[in-house]
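Data first, discussion second: the structure below is written as structure tokens.
What follows draws every value from the coordinates through simple rules; no lab data is involved. Just so you know, these numbers come straight off a predicted model, no measurement behind them. Neighbour counts run over all protein chains shown; Cβ positions are idealised from the backbone, glycine included.
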Amino acid sequence: MKIFNDIENLPKFKNGVATIGSFDGVHLGHRKLIRRIVQMAKELDGESILITFHPHPRSIIDPENVEILTTLDEKYTILENLKIDNLIVVPFDLNFSQQTPQDYIENFLIKKINPSSLVIGYDHRFGRNRQGDISLLRKYEASFPNGIHKISKKEIQNITISSSKVRKYLKNGDLEEANGLLDYNYMLSGIVVKGDKIGREIGYPTANISISLQQKLIPADGVYAARALVDGTVYDGMLYIGNRPSINNNQETKIEINLFDFDQDIYHHEIRVSIYNFIREETKLDNLDALQQQLAKDKQAAIEYFEKLSQYSRVEQSLVSIAILTYNGRDRLESFLPSVSDSYSGIFQTFLIDNNSDDASISFVNDWFPEVQTIQFGTNHGYAAGYNKAIDQIESKYVVLLNDDVLVTPDWLTPIIKLMESDSTIGACMPAILDYNDRDKYEYAGAAGGLLDKSGIPFCKGRIFDSIENENPEYNQTDEIFWASGAAMVVRKDVFINFEGFDESYFAHQEEIDFCWKIKNGGYKVMSVPSSQVYHVGGSTLGYQDPKKTYLNVRNNHWTIIKNSKRSGLMRLLLLRIVQDKIGALHLVTQGKMSQAFAVLKGLLHAYLKLPTLLRKRKYISEVISKYRIQDPNLTGMTDYSIVTQYYLKGKRKYFKIKE
């Protein structure tokens, strides 16, 4: 992140996407907005620009009624981790506040910063007496080639409400709630000054802190578990805020921290304290002996808190993220998103990836599911590109790709994550997928696990072509398969990134089969855990009988075979598949399904028109696999029989019949 404090000497930004605000606290509401400009900048191959002010405008205009959550240095620390390209800190004073709105736009925004796109709140006010608004900005829209984008009223209200809630929680000493909204531990920064050394006399020496910002909000009086950054090193400790009624009647609030296993002279050193947890309220004790005994209890409580926190961080923190891709899915989200909160017994985070919906999906989730983080695209990238772009931004060991029309069962992820943690060669995994509308039956998109026949035709345990079985206990064993359904698939993020995710030229069909084949050629396993179950509506993008679905399945299946099959026998396999699909098209004609037959032939034609491109992809993919493979190709889940022969000639419509 580049920081600019001199607005008179700014560089020329490439396709700059800018937003403006105080961003005090940089809480979750702010982060959603920041992620949006970062994503928009990526889509434009440009730079994200966050414009903020120092000091806080209210501290100049209304200094008696302002409580600041973050100092400028604290803001730098927080923003550094949010992948912003440029931070512009505008010196704010009365002269700046007295600009006319036109001067603000022409001489500040356009002349000095000149972004190609501006993201602004519906109620953003600027200029003298806050006379400027978005209506005035719209008159200058020609100066912003990539548009002025308005943040909705609901989203702005959420940001404002979040700021108010953070302040309220801090004043009440509710650090768990405050830190949850901030997504970091509230900080106090200052200089270590001399105290009266009473703490040292009773065995608990403290660093007394003079807060660097007079208007900084100080949490409620009491004792807290805290960590302090001193000279580049972090120390555990217990923080005290209060007027020390056990020692004297001085009404002045003191802020002091006892650092564990620490005995250095740090007077006049800078210190930054991160406050983790409230231990107890301020209490007046009878004498120093009683205070000493109480401090011993406080220290033990802080030590136990940090030990517990360390266990969570070591085992579960950032282990699992659930990523739900949606496009105009508000109604589906209303039905299915509530079930996601009980997905896993450990810590996990949930992301909604929005493909430029226009049905208020984002505002609905912000209102009703504030714990869900959002990644919002300005373009509908489809399934493959949408997930590729989003997963690159998600920081966790495992990412769950979950359709927005899936109802999950409580704790469904726990056995899957446990299995993947036990075997590092498992690259992807899936639950059993049952039909939401007929819950005794498997669902088309994956059933109890995906397989591939020797001709490269996909089918499932529990679903062969259009024949779908009732749930079968015979399929309930955890087993290695060939491909996992994209409706509910768990992947190792590093494997997904290393093998370059989904092929973005596909649309809505067989991307997951292509991906799984790639990683299996790299030696990874793909597993099914049918004891874990979810319920899928299916057909949300294209109905299962839609000719376009048939076309895409044929085209993408041939693409997948060309890119991933072993070289020996490839031409013979492709000729066989062409013959099989033509016979299939003829069979559809005899059934009067002319549009379906035409879709098959169209799929074949379009598959091979791309042959030169596919052969180049095949070579490139082979190089990627060679770089990241962990062992020889693993083709478990590819059968030694033809599913066409089994199904049509031998009449075996169910998987267990084939296995007999």
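In the range 316-404, Cα pairs under 8 Å separated by at least six residues give a relative contact order of 46 percent.
Considering only Asn277, Ala207, Ile266, the residue lying farthest towards the positive end of the dipole of the range 185-313 is Asn277, judged by Cα position with unit charges set on Cβ. Only one item in (i) 22.2, 66; (ii) 31.0, 100; (iii) 29.8, 98 matches Rg and Dmax of the Cα atoms in Å derived from the coordinates shown, and that item is (iii).
Projected label points at Lys418 and Gln580, each 7 Å from Cα along the beta carbon direction, are separated by 3.8 nanometres. Short-range pairs are left out: with C-alpha atoms under 8 Å and at least six residues apart, the relative contact order of the chain is 9 percent. Note on Lys194: aspartates and glutamates with a C-alpha under 12 Å away, same-chain residues under 8 apart excluded, are Glu256, Asp265.
Can you tell me how the range 2-160 classifies by the Cα gyration tensor, rounded, prolate or oblate, using a/c under 1.5 as the rounded cut? Taking the square roots of the gyration eigenvalues as a ≥ b ≥ c, the range 2-160 is rounded. Shape verdict for the range 185-313, please, from the Cα gyration tensor: rounded (a/c under 1.5), prolate (a/b greater than b/c) or oblate. Rounded, since a/c falls under 1.5. About its Cα centre, the chain has a charge dipole of approximately 3120 debye under the convention of +1 per Lys or Arg Cβ and -1 per Asp or Glu Cβ, with nothing else charged. Centroid-to-centroid, using Cα positions, the range 81-108 and the range 221-290 are 38 Å apart. Counting only Cβ charges, +1 for Lys and Arg and -1 for Asp and Glu, the dipole size of the range 316-404 around its Cα centre is about 240 debye. The HN-Hα couplings worked out from phi for the range 208-224 by the Karplus form 6.51 cos²θ - 1.76 cosθ + 1.60 (θ = phi - 60°) are 7, 10, 9, 5, 6, 10, 4, 8, 5, 6, 9, x, 4, 4, x, 10, 10 Hz, whole numbers, x standing for Gly and Pro.
Counting neighbouring Cβ atoms within 10 Å and putting the fewest first, the residues Asp261, Asp404, Asp411 line up as Asp261, Asp411, Asp404.
Per-residue Cβ neighbour counts within 10 Å put Val537, Val400, Val66 in the sequence Val66, Val537, Val400, beginning with the fewest.
From the alpha carbon centroid of the range 1-59 to that of the range 459-474 is 52 Å. Listed by chain and number, the aspartates and glutamates whose C-alpha is less than 14 Å from the C-alpha of Lys83, apart from same-chain residues fewer than 8 away, are Glu47, Asp392, Glu395. Using a/c under 1.5 as the rounded threshold, could you call the range 407-528 rounded, prolate or oblate? The axes a ≥ b ≥ c are square roots of the C-alpha gyration tensor eigenvalues, and prolate needs a/b larger than b/c, oblate otherwise. Taking the square roots of the gyration eigenvalues as a ≥ b ≥ c, the range 407-528 is oblate. Taking label points 7 Å from Cα along the Cα-to-Cβ direction, Thr636 and Ser622 give a separation of 2.7 nm. Pairs from the table (Lys549/Lys602; Lys284/Lys308; Lys168/Lys397; Lys548/Lys610) lying more than 23 angstrom apart at Cα are Lys284/Lys308; Lys168/Lys397. About the centre of its Cα atoms, the range 185-313 shows a dipole size close to 240 debye [charges on the beta carbon of Lys, Arg (+1) and Asp, Glu (-1) only; nearest 20 debye].
Two numbers describe the Cα atoms of the range 243-312: Rg and Dmax, which are 14.2, 41 Å.
Please list the non-local residues whose amide H lies under 5 Å from the amide H of Ile68, H modeled 1.01 Å from N, same-chain partners needing a gap of 5 or more. Under 5 Å from the amide H of Ile68: Lys216, Leu217.
When the charge dipole of the chain is built from unit charges on Cβ atoms (+1 for Lys and Arg, -1 for Asp and Glu) and taken about the Cα centre, the candidate among Leu79, Leu604, Gly386 whose Cα reaches farthest toward its positive end is Leu604.
The alpha carbon centroids of the range 131-150 and the range 345-374 are separated by 28 Å.
Expressed as a fraction of 2.2 N^0.38 Å, the C-alpha radius of gyration for the range 271-420 is 1.44. Relative contact order, whole percent, for the range 185-313 stands at 31, derived from Cα pairs under 8 Å and 6 or more residues apart. Label positions at Asp103 and Asp62, each projected 7 Å from the Cα along the C-beta direction, are separated by 2.4 nm.
Using Cα positions and a limit of under 17 Å, work out the lysines in reach of Lys650, with same-chain residues fewer than 8 apart set aside. Those lysines meeting the cut-off are Lys454, Lys659. Of the GluC sites (Glu not before Pro) in the range 255-351, the ones in a loop by DSSP (not H, G, I, E or B) with at most 14 other beta carbons within 10 Å are Glu281.
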